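These notes are about the structure you will find just below.
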Amino acid sequence: MDKSVSSEKKLFVADPHGFCNGVKRALKIVEDLLEQGAVDIYIYNDIVHNSFVVNGLKERGVKFVTTLDEPAPGSHIVWSAHGVSPELEALARSRALQITDATCPLVSRVHELAKQYLQAGARVIFAGHAGHPETDGVLGCGNIDLVGREEDCEKLPELSDRKKTVMLTQTTWCQEDVEKIIRALQKRFPDIECISNICYATSERQQAVRTLIGQHKVEYLVVIGSAHSSNARRLCEVAQSCGSRGILINDPGEIRQLDLTEVARIGITAGASTPEILLEKAIKILNDMGFENA
Ligand code: SF4
């Protein structure tokens, strides 16, 4: 390696990065089931949104399902960290499945809020991504409107019979996007109560990216995480909104394919569901490519 080149190329690691407490908790719950010798373990959706984690559990005999058709009565069904709707919970009970709930308590809190406001006669609007398991679980709590973009706010119907209007959010959104939605909703519903449910782990990881770019002048941010991980994708978007290039990579080996010849200051982070070992591999590859840890 040419030392004169490597000394000019710096690598900044975001702090914090990687597993949040909700992900650690969900994986520990599955680990405990395996250690207890439980058989016929099914997980509804990905336990967390990371393909390495999911494939590792598959190799140990855990099955992943997106319906409850396959598990026989008496099987274990584990709810992922993203939570499920009350309807699915009832269906699992009616099929005599043994339920283990690995829903992150911060997601459960959003469910509770949604139910409380609906019971109090409020209209509830949820700002989240359509099709994401967390969104499906919250929408299943009752008659809730979904908005994913500012334009959706204009299309919401008037509901004059409601006592008040409340907005809740997906836990893994970014603050900038939520603020845009809030402004659009306030135009439609001036008295709306807006509650951001972005969790501490999401906020802290996004803030760490802003710090890398703002204070350390990082030009290019590598995010290690799976393409279907909402929080990992948001980290890329935060980087781009701060003026840096951001790229989401699932397998650290893909870094070798990147053209980084013009990059002097690179940053790296990992989504809340990305194992630390993948970040360590990525750092090693970047070191080999001439980037010294700052
Ligand atoms: S990202 Fe936040 S809400 Fe999701 S599992 Fe982690 S702590 Fe819980």
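The values are calculated or read from the model by the stated rules, or taken from the named source; none is laboratory data. Just so you know, these numbers come straight off a predicted model, no measurement behind them. All Cβ positions, even for glycine, are placed from backbone atoms using ideal geometry, and neighbour counts span all protein chains on display. Surface areas here come from the heavy atoms of the whole protein model, side chains and all, with no ligands, DNA or RNA. Shrake-Rupley method; radii C 1.70, N 1.55, O 1.52, S 1.80 Å.
The table below gives the values:
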{"quantity": "Qualifying residue in the range 49-61 (condition: away from the ligand (no atom under 14 Å from the Cβ), over 30 Å from A264 (Cα atoms), outside the structural domain of G271 (by TED's automatic domain parsing) and part of a loop (DSSP other than H, G, I, E, B))", "calculated": "yes"}
{"quantity": "Filter result for the condition that a residue is modelled with pLDDT of 95 or more, within 16 Å of P16 (Cα to Cα) and part of a helix (DSSP H, G or I), over L221, L212", "calculated": "L212"}
{"quantity": "Residue count for the range 117-138, restricted to those that are out of contact with any His (no Cβ under 8 Å at 6 or more places or on another chain) and either within 14 Å of the ligand (Cβ to nearest atom) or within 15 Å of N197 (Cα to Cα) (or both)", "calculated": "7"}
{"quantity": "Meets criteria (open to solvent by 30 Å² or more (accessible area, probe 1.4 Å), in a helix (DSSP H, G or I) and more than 30 Å from V222 (Cα to Cα)) for E89", "calculated": "yes"}
{"quantity": "L156 vs. criteria open to solvent by less than 10 Å² (accessible area, probe 1.4 Å) and outside the structural domain of V48 (by TED's automatic domain parsing)", "calculated": "no"}
{"quantity": "Residue that is farthest from Y200 (Cα to Cα), among those in the range 109-126 that are open to solvent by less than 50 Å² (accessible area, probe 1.4 Å) and out of contact with any Leu (no Cβ under 7 Å at 6 or more places or on another chain)", "calculated": "G121"}
{"quantity": "Cβ-Cβ under 6 Å pairs, at least 6 apart or on other chains, the range 100-121 side within 13 Å of P86 (Cβ to Cβ), far side away from the ligand (no atom under 15 Å from the Cβ) and open to solvent by less than 40 Å² (accessible area, probe 1.4 Å)", "calculated": "H111/C141; A114/V124; A114/C141; K115/C141; L118/V124; L118/G142"}
{"quantity": "Of residues in the range 241-278 being under 18 Å from the mean Cα position of the chain (by Cα) and assigned to a helix (DSSP H, G or I), the one nearest to the ligand (Cβ to nearest atom)", "calculated": "E276"}
{"quantity": "Count of residues meeting criterion [more than 23 Å from the chain's Cα centre (by Cα) and open to solvent by less than 40 Å² (accessible area, probe 1.4 Å)] in the range 279-294", "calculated": "4"}
{"quantity": "Extreme residue, most open to solvent (accessible area, probe 1.4 Å), among residues of the range 44-65 that are within 25 Å of V110 (Cβ to Cβ) and over 18 Å from the mean Cα position of the chain (by Cα)", "calculated": "F64"}
{"quantity": "Of residues in the range 158-185 being more than 21 Å from E237 (Cβ to Cβ) and at pLDDT 95 or above, the one farthest from the ligand (Cβ to nearest atom)", "calculated": "T165"}
{"quantity": "Considering residues of the range 72-86 that are open to solvent by less than 40 Å² (accessible area, probe 1.4 Å) and within 23 Å of I144 (Cα to Cα) only, the residue nearest to the ligand (Cβ to nearest atom)", "calculated": "A81"}
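Conditions (1) in contact with an Asp or Glu (Cβ under 8 Å, 6 or more places away or on another chain); (2) of a type in the set (K, R), marked per residue:
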residue: G61; (1), (2): no, no
residue: S75; (1), (2): yes, no
residue: S85; (1), (2): yes, no
residue: E89; (1), (2): no, no
residue: L106; (1), (2): no, no
residue: R109; (1), (2): no, yes
residue: E112; (1), (2): no, no
residue: Y117; (1), (2): no, no
residue: H129; (1), (2): no, no
